[in-house]
1. Could you list, in sequence order, the residues of segment 304-328 that are within 22 Å of Gln10 (Cβ to Cβ) and away from the ligand (no atom under 13 Å from the Cβ)?
2. Would it be correct to say that Phe212 is surrounded by fewer than 17 Cβ atoms within 10 Å (Cβ to Cβ), of a type in the set (Phe, Trp, Tyr), in the same structural domain as Leu42 (by TED's automatic domain parsing) and more than 17 Å from Val74 (Cα to Cα)?
3. Within segment 171-179, can one find any residue that is β-branched (Val, Ile, Thr), surrounded by fewer than 22 Cβ atoms within 10 Å (Cβ to Cβ), within 16 Å of the ligand (Cβ to nearest atom) and outside the structural domain of Gln276 (by TED's automatic domain parsing)?
4. Consider Ile225 carefully, then state whether it is more than 18 Å from Met38 (Cα to Cα), modelled with pLDDT of 95 or more and either surrounded by 16 or more Cβ atoms within 10 Å (Cβ to Cβ) or aromatic (Phe, Trp, Tyr) (or both).
5. Would you point out which residue out of Pro99, Pro37 is within 14 Å of the ligand (Cβ to nearest atom) and at pLDDT 95 or above?
6. Within the set of pairs 6 or more residues apart or between chains, which connect a residue that is in a loop (DSSP other than H, G, I, E, B) inside segment 13-39 to a residue that is among the β-branched types (Val, Ile, Thr) with Cβ atoms less than 9 Å apart?
7. Could you please let me know if Leu50 is within 16 Å of the ligand (Cβ to nearest atom) and of a type outside the set (Val, Ile, Thr)?
Amino acid sequence: MNDKPIYVTQPYLPPLDEFLPYLQHIWENKILTNGGPMHKELEAALSNYLGVEHIALFNNGTIALLTALQALRVAGEVITTPYSFVATAHSLLWNGIKPVFVDIDPHTLNLDPAKIEAAITPQTTAIMPVHCYGNPCDVEAIQKIADNYNLRVIYDAAHTFGVEDKGGSILRHGDLSVLSFHATKVFNTFEGGAIICPDAKTKQRINNLKNFGFVDEVTVVAAGINGKMSEINAAFGLLQLQHIDRAIARRKEIDQAYREQLNDVKGIRIVERTGQTVANYSYFPILVEADYPLSRDELYQKLRENNIFGRRYFYPLISEFPMYRGLVSAQRNNLPVAHSISEKVICLPMYPALQEASIAAVGALIRNT
Ligand code: T4K
């Protein structure tokens with residue numbers, strides 16, 4: 001039994017004294033928000049680190065998703081995955097858009113491109129896929145469909161900080177990609193997010209939208225929102241960035257240690273990393289199959305009884321929540337793979353400060369049933 005609870009994640013916090021000079025700087029110049037110097041510096045640093053040209057920072061990933069949809073004037077119906085955090089579909093509803101759920105691929109756990117075309121109607125204007133757990137979607141197949149039907153593609157890339165495929169950053173795909181910098185993410189600014197956009201003009205529109213629609217002191221061009229990242233969040237991001245490579249390297253070690261512990265456990269399937277040349281090891285999802293001695297929920301409870309708080313990301317499916325379940329596309333028989341995965345998944349604790357003893361304890365509990 002572990003004395004202290006072990007949660008699914010724990011934010012990476014650099015030493016406090018390293019943050020104090022940033023605070024001092026903010027206190028001295030008294031710019032707290034509205035695109036101040038830290039904000040500018042973080043945009044430049046992130047665009048360099050991520051290998052993308054245009055990035056617009058936000059106060060969280062959800063407001064960034066809402067704004068991405070507004071920026072492209074998406075309306076009508078949008079095809080998306082039920083296997084995600086609820087914010088993905090909520091961003092559609094908040095924009096008065098109808099989500100149309102399409103099933104996922106059983107290996108990548110991302111939107112299955114083979115099933116997208118059948119869900120397209122004359123009202124469809126866009127696709128919103130999620131690179132779930134940092135596993136890239138089948139971006140080429142999705143783009144081909146989008147081109148054929150003249151649809152926009154907005155990637156929910158909340159899990160995908162720093163992930164690359166053979167051509168570079170995964171964030172370059174689609175019309176826009178949206179990141180989350182929430183406390184539970186690989187790179188965090190306490191709360192935060194960003195939109196990666198293809199050109200300066202789109203970024204300008206996004207910047208206007210995240211600042212109430214202002215383009216200058218007296219001109220408002222759109223019903224914008226307040227999506228601005230504050231200086232304190234940006235400062236924390238700048239500090240995090242100095243530690244991020246070490247933090248991801250430690251995640252990689254943990255990933256390998258779990259694999260060694262769990263590789264040959266009958267009935268436990270480790271979700272494979274696919275299509276990545278650079279991974280960020282953001283989550284460690286396992287699937288509890290029928291030939292494991294315990295059900296998924298029994299194993300989940302057993303871990304909890306031992307102070308290990310894995311999470312069932314993503315259960316229930318988004319399509320099961322009351323505001324979605326009435327949709328035709330939300331019917332269970334439309335989403336058999338997503339249901340099956342959602343009923344098997346547990347994300348094990350994964351964060352840089354996780355101790356070897358904790359990894360061993362998790363492994364032992366799962367092996368010894
Ligand atoms: N799209 C996708 C695909 C997403 O996964 C998310 C967010 C979004 C969009 C939206 O982005 P944001 O608007 O959030 O930027 C968490 C996060 O709140 C959420 O950001 C994340 N996805 C989702 C997958 O997980 P909860 O409700 O599970 O978080 P919570 O508070 O239960 O935290 C999990 C564990 O982490 C806790 O048991 C303890 C630990 N923890 C958490 C926090 C907040 C800490 O140790 N320190 C902390 O400050 O949603």
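1. Glu305, Asn306
2. yes
3. No, every residue in segment 171-179 fails to be β-branched (Val, Ile, Thr), surrounded by fewer than 22 Cβ atoms within 10 Å (Cβ to Cβ), within 16 Å of the ligand (Cβ to nearest atom) and outside the structural domain of Gln276 (by TED's automatic domain parsing).
4. yes
5. Pro99
6. Hits for this filter: Leu32/Ile26; Leu32/Ile232; Thr33/Ile232; Gly36/Ile26.
7. Spelling it out, it is not the case that Leu50 is within 16 Å of the ligand (Cβ to nearest atom) and of a type outside the set (Val, Ile, Thr).
Yes or no, residue by residue, for (1) assigned to a helix (DSSP H, G or I); (2) away from the ligand (no atom under 11 Å from the Cβ); (3) modelled with pLDDT of 95 or more:
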position	(1), (2), (3)
Glu41	yes, yes, yes
Ala56	no, yes, yes
Leu66	yes, no, yes
Val78	no, yes, yes
Phe85	no, no, yes
Thr88	yes, no, yes
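The values are calculated or read from the model by the stated rules, or taken from the named source; none is laboratory data. Predicted model, so just to flag it, every value in this text is computed and none were measured. Virtual Cβ from ideal backbone geometry, glycine too; neighbours counted across all protein chains shown.
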